[in-house]
Amino acid sequence: MTISIRIDLRTQLLTVRDGEADVCYPVSTGRNGPGEQSGSGCTPRGRHRIRAKIGAGAPHGAVFVGRRPTGEVYSAALAAAYPERDWILSRILWLCGEEAGRNRGGDVDSMRRYIYIHGTPDTEPMRQPASHGCVRMRNSDVIALFDRVDCGTGVEIIDS
């Protein structure tokens, strides 16, 4: 059975479709709303696919910088020591746009914009836009999603 993912920017929900029962997860997308332009802080719309899966086997709350694990595990003390960090935790699903001129190539390339589905501190709000363009999830949710999908899985981001 083919699995696909749909992210609705209006409802702030990620839905995994596998032909049987859909599973929905709350997310937090770009605080600047939908948009494809590099540097906008917006979440790109359209057809994407998972280009890379990063973090297999990492602990719950593992910290990533530049897609590399730092060896740290997120905690309130770590957050207080580094208040400026945009926390990327637990797992990363790196997205690649599939639509030339919309989310692939030039100044609208989702992959070159480093657009991910990733974990975030569990204290961060879900179902309200707050990210720098990525799709944030609860750590347990992103780990479950990571374990369920493969590279190449289709991801559609809509603004219904």
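The values are calculated or read from the model by the stated rules, or taken from the named source; none is laboratory data. Note that this is a predicted model, so its numbers are computed, not measured. Glycine also receives a Cβ, built like all others from the backbone with ideal geometry; neighbour counts cover every protein chain displayed. Remember, those area values only see protein heavy atoms, side chains included, never the ligands or the DNA or RNA. Shrake-Rupley method; radii C 1.70, N 1.55, O 1.52, S 1.80 Å.
Is it true that some residue in segment 130-140 is open to solvent by 10 Å² or more (accessible area, probe 1.4 Å) and over 24 Å from LEU78 (Cα atoms)? The answer is no, given that none of the residues of segment 130-140 is open to solvent by 10 Å² or more (accessible area, probe 1.4 Å) and over 24 Å from LEU78 (Cα atoms). If you go through segment 36-56 and pick out every residue that is at positive phi and under 15 Å from the mean Cα position of the chain (by Cα), you end up with 3.
Among residues of segment 1-10 being open to solvent by 50 Å² or more (accessible area, probe 1.4 Å) and at pLDDT 95 or above, the one that is farthest from the chain's Cα centre (by Cα) is ARG10.
A count restricted to segment 11-36 and to residues that are charged (D, E, K, R), over 18 Å from ILE115 (Cβ atoms) and either open to solvent by less than 30 Å² (accessible area, probe 1.4 Å) or in contact with a helix residue (DSSP H, G or I) (Cβ under 9 Å, 6 or more places away or on another chain) (or both) stands at 1.
Scanning segment 62-78 finds no residues that are among the basic types (Lys, Arg), in contact with a Lys or Arg (Cβ under 8 Å, 6 or more places away or on another chain) and either buried (at least 17 other Cβ atoms within 10 Å of the Cβ) or not in a strand (DSSP E or B) (or both).
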